[in-house]
Amino acid sequence: MNHIQRPTSINVLANLPSNLPNELFTTLLEADQFRIERIVSHGHASPEDFWYDQDQNEWVLVLKGAAKLQFEDNIMTLNAGEFVNIPAHTKHRVAWITVDEPTIWLAIYYGDAK
């Protein structure tokens, strides 16, 4: 007998921890060459000498809060409701995150993880 899984809903703005010593990464959905994560940051910027250099493309949306992403040649401010698509192997880092409230990101990673 086939078991049918019923759809469920999750509020990505709910269940935020009150104490967040590190960024919180939660995988919401994962499939072949595709992953959706909720990322919760509260003043967590990347270390000065750290750069992300990912094998997959990353589409990221700020749902709440604000952040500054630094690329090798510029800095981009993202406020709630704004998104950016970051091609694979584009070096970037989080230069600044709001400290007075959590910043909640929705990140979609897609494409070959070469």
Residues meeting the amide H criterion for Ala80 (H placed from the backbone, H to H distance under 5 Å, 5 or more places apart or on another chain) are Gly65
Using r as the Cβ-Cβ distance of Asn15 and Trp59, and R0 as 25 Å, what FRET efficiency do you calculate, to the nearest 0.05? 0.60
Give the residue from His92, Phe71, Ser41 lying farthest towards the positive end of the charge dipole for segment 6-111; charges sit on Cβ (+1 for Lys and Arg, -1 for Asp and Glu) and the dipole is referred to the Cα centre. Ser41
For the residues Phe25, Phe50, what sequence is obtained by ranking on other C-beta atoms within 10 Å, fewest first? Phe50, Phe25
Segment 1-37 to segment 55-114: how many Å between their Cα centroids? 18
Give me the net charge for the shell around Leu106: Cβ to Cβ below 9 angstrom, other residues only, Lys and Arg +1, Asp and Glu -1. 0
Ranked by how many other beta carbons lie within 10 Å on average, peptides 8-20, 65-77, 93-105 from highest: 93-105, 65-77, 8-20
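What's the magnitude of the charge dipole for the chain around its Cα centre, counting Lys and Arg as +1 and Asp and Glu as -1 at the beta-carbon? Answer in Debye, nearest 20.
Dipole of the chain, to the nearest 20 debye: 400 debye.
Every number here is computed from the coordinates shown, using simple stated rules; none is lab data. Quick caveat: nothing in here was measured; it's all calculated off a predicted structure. Here Cβ is always computed from backbone atoms with ideal geometry, including for glycine, and neighbour counts include all displayed protein chains.
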